[in-house]
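The values are calculated or read from the model by the stated rules, or taken from the named source; none is laboratory data. Keep in mind that this is a model prediction, so the values were computed, not measured. As a convention, Cβ positions derive from the backbone with ideal geometry for all residues, glycine included, and neighbour counts pool all protein chains shown.
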Amino acid sequence: MGFSGKGAVAKSPARKPRGEGHTRREEILAAAKALFLEEGVKATTIRRIAERVGVSAPALYLYFKDKDEILLALCDRIFAILLQRLEEIERLPLPACERLRRMGEAYIRFGLEHPDEYRIIFLESPTPEAVRYTGHRTDTSDLERPGAKGAMAFTKITQAYEAIAKEGIVLPYPPALCAELSWMACHGLVAALIAEPDFPWSDRETLIRGMVEASVRGVVPALGQATSA
């Protein structure tokens with residue numbers, strides 16, 4: 001069981017010396033992540049996070065205004081990794097359909113390589129208020145805006161479908177809806193493997209490639225005729 005929260009709170013300077021504020025932010029994010037996994041996002045309070053770091057709640061508010069802002073910071077940090085991978089694939093000289101397949105695999109592998117973060121973001125926490133009604137449609141003009149990196153990662157998938165359409169393949173739905181369907185399929189596989197890692201699933205690599213191919217052909221049947229590179 002985690003720290004009970006009872007008794008004296010460890011004393012620590014309210015604010016780090018000039019130039020060291022990023023260190024305190026890192027401490028807060030690390031403590032929040034640990035508590036989210038130990039006790040659940042809903043059960044974790046700012047007070048508990050502050051106690052784990054060793055500061056008062058008012059001192060923590062100097063760095064984050066609330067728990068949602070902490071959660072979004074964790075989301076942005078992990079989505080920055082995914083976004084970099086998708087951008088690398090985007091730059092490859094590939095047919096659009098193969099680029100889409102590789103992006104699908106990259107997403108699944110990203111989720112499985114970061115199960116703790118994936119669990120916090122997608123499986124165990126309510127959507128933060130700042131992006132609750134915008135989600136993957138959050139404004140991406142400023143990637144430093146909370147929630148923008150996740151939205152931009154989704155935009156890369158949408159753009160892959162737009163590129164497919166430009167190559168002359170008729171999409172059955174608008175590109176953004178095609179991207180949503182593909183994400184839901186890949187997310188389902190990631191969630192199942194994270195939730196039940198010891199279940200006797202089939203070979204993981206076969207599942208990854210099969211899910212991507214199934215989602216591609218399922219969303220755009222005509223792509224089933226396309227040859228993978």
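Looking across the range 159-171, the residues that are surrounded by fewer than 21 Cβ atoms within 10 Å (Cβ to Cβ) and assigned to a helix (DSSP H, G or I) come down to Q159, E162, A163, A165, K166. Only one of these is under 30 Å from I157 (Cβ atoms), of a type outside the set (D, E, K, R) and in contact with a Lys or Arg (Cβ under 8 Å, 6 or more places away or on another chain): L35, L94, L62. Name it. Only one candidate qualifies: L94.
Number of residues in the range 172-200 that are exposed (fewer than 13 other Cβ atoms within 10 Å of the Cβ) and outside any helix (DSSP H, G or I) equals 6. Listed by position, the helices (runs of 4 or more DSSP H) inside the range 49-124 whose residues that are over 11 Å from the mean Cα position of the chain (by Cα) and without any contact (Cβ under 8 Å) to a residue 40 or more places away in the chain number at least 3 are 67-90, 96-113. So is R77 among the basic types (K, R), at pLDDT below 95 and more than 14 Å from A160 (Cα to Cα) or not? Taking the combined requirement at face value, the residue satisfies it.
Scanning the range 112-147 for residues that are closer than 21 Å to C186 by Cβ and among the hydrophobic types (A, V, I, L, M, F, W, C), which turns out modelled with the highest pLDDT? Going through the qualifying residues, I end up with L112.
Which of the residues that make up the range 35-61 are closer than 23 Å to V131 by Cα, of a type in the set (A, V, I, L, M) and crowded, with 16+ Cβ neighbours inside 10 Å?
Matches in the range 35-61: L35, L37, V41, I46, I49, L60.
Per the conditions (1) farther than 23 Å from E213 by Cα; (2) surrounded by 17 or more Cβ atoms within 10 Å (Cβ to Cβ); (3) free of Cβ contacts under 8 Å to residues at least 60 places away in the same chain, the sole criterion not satisfied by K149 is (3).
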